[in-house]
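The values are calculated or read from the model by the stated rules, or taken from the named source; none is laboratory data. Remember, predicted model here, so these are calculated numbers, not experimental data. Each accessible area value is taken on the protein alone, full model and side chains, heavy atoms only, with ligands, DNA and RNA left out. Shrake-Rupley method; radii C 1.70, N 1.55, O 1.52, S 1.80 Å.
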Amino acid sequence: QVQLVESGGGLVQAGGSLRLPCAASGRRFNIYNLGWFRQTPGKEREFVAAFGDTAESVKGRFTISGDNALNTIWLQMDSLRPEDTAVYFCACRGMGGRWDYWGQGTQVTVSA
């Protein structure tokens, strides 16, 4: 099992920045199996970023990074827009390559 805990969400004005950490624990894994998703009410959860892949909607504004020694990844979010408002989830791939493990999410709200 893998436990994932996100934090760092909050309210920010458009154009601002936030940095979301995700701390992972549990079985042995590589942080490069971790990634970020987001979800707004009434919509499907959407992919945001993983190592080597970034959604077009956030490319150039969001950056994923990580530290294997700390079992932690971060999502640096710059030039935030109101449409970035969502609950952001950290996820981990399981043995089959699917996103099997999820954190509880952290709310990000961007005001106009």
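Can you give the accessible area per residue of the stretch 12-112, in Å², using a 1.4 Å probe?
Per-residue value: 53 Å².
Pairwise Cα separations in the stretch 73-112 fall into 5 Å bins from 0 onward with the following percentages, short to long: 6, 20, 23, 19, 15, 10, 5, 2, 0.
Accessible surface ranking for THR40, THR72, 1.4 angstrom probe, highest first: THR40, THR72.
Solvent-accessible area of VAL12, all protein chains in place: 20 Å² (probe radius 1.4 Å, heavy atoms, ligands and nucleic acids excluded). Here the contact order of the chain, divided by its residue count and restricted to Cα pairs under 8 Å and six or more residues apart, works out to 36 percent.
Inverting the mean 1/r over all pairs of different Cα atoms, compute the Kirkwood radius of the stretch 1-85 and quote it in Å.
Across the stretch 1-85, the inverse of the average 1/r is 13.6 Å.
Share of carbon and sulfur in the accessible area of the chain stands at 49%, probe radius 1.4 Å.
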